[in-house]
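*Asks:* Dropping the structure in here first, questions after.
The values are calculated or read from the model by the stated rules, or taken from the named source; none is laboratory data. In this text, all values refer to a predicted model and were calculated from it rather than measured experimentally. So basically every Cβ, Gly included, is an ideal-geometry build from the backbone, and we count neighbours across all protein chains shown.
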Amino acid sequence: METKIAYSPSVVDSLNNLIDILFHENYFSYIENAFDYVENIKNEIENNITTLKHHKSPIELSRYGKYYIRIKSTKRTSWYVFFNKKIIFILFATSPIIMFRMLLS
């Protein structure tokens with residue numbers, strides 16, 4: 001049985017904005033490389049969301065989804081992907097720095 005994966009509109013917007021941010025902040029010299037980076041994040045999510053261990057979300061972050069997984073996009077960067085299980089609906093994806101700031105606020 002194939003798992004259905006859907007992204008919330010806010011996640012789609014965030015990932016699309018990430019392409020522009022990565023390019024305009026000079027993390028990548030070419031927009032195509034920023035696009036490939038974001039596509040790799042999406043591929044990692046889609047290829048691993050059913051096989052990685054699902055962790056229960058902390059109460060403070062449970063509004064983003066009941067469960068989360070961690071995806072490593074590079075050796076130094078991870079993304080936390082929050083979702084609900086029946087049809088995997090990705091409600092939120094963030095880097096550790098942003099998640100830490102959210103927990104502090």
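*Asks:* How about segment 15-52: which of its residues are aliphatic (A, V, I, L, M) and within 25 Å of PHE82 (Cα to Cα)? Steps first, please.
*Replies:* Filtering segment 15-52 for residues aliphatic (A, V, I, L, M) gives 15, 18-19, 21-22, 31, 34, 38, 41, 45, 49, 52.
Result: LEU15, LEU18, ILE19, ILE21, LEU22, ALA34, VAL38, ILE41, ILE45, ILE49, LEU52.
*Asks:* Pairs, please: C-beta under 6 Å, at least 6 apart or cross-chain, first residue small (Gly, Ala, Ser) and in segment 29-46, second surrounded by 13 or more Cβ atoms within 10 Å (Cβ to Cβ) and outside any helix (DSSP H, G or I)?
*Replies:* These pairs meet every condition: ALA34/PHE28.
*Asks:* Out of (1) part of a strand (DSSP E or B); (2) crowded, with 18+ Cβ neighbours inside 10 Å; (3) at pLDDT below 90, what's the single condition that is false for ILE69?
*Replies:* (3) is the only condition that ILE69 fails.
*Asks:* Something else about it: Here are the criteria: (1) surrounded by 13 or more Cβ atoms within 10 Å (Cβ to Cβ); (2) within 17 Å of ASN84 (Cβ to Cβ). Tell me which single one THR3 does not satisfy.
*Replies:* Condition not satisfied by THR3: (1).
*Asks:* Among the residues of segment 20-51, which ones are assigned to a helix (DSSP H, G or I), among the hydrophobic types (A, V, I, L, M, F, W, C) and under 19 Å from SER78 (Cβ atoms)? First the steps, then the outcome.
*Replies:* Within segment 20-51, the subset assigned to a helix (DSSP H, G or I) is 20-24, 31-48.
Of the ones still in play, those that are also among the hydrophobic types (A, V, I, L, M, F, W, C) are 21-23, 31, 34-35, 38, 41, 45.
Matches in segment 20-51: ILE21, LEU22, ALA34, VAL38, ILE41, ILE45.
*Asks:* Looking only at segment 1-19, which residues are in a helix (DSSP H, G or I), without any contact (Cβ under 8 Å) to a residue 24 or more places away in the chain and of a type in the set (A, V, I, L, M, F, W, C)?
*Replies:* VAL12, LEU18, ILE19
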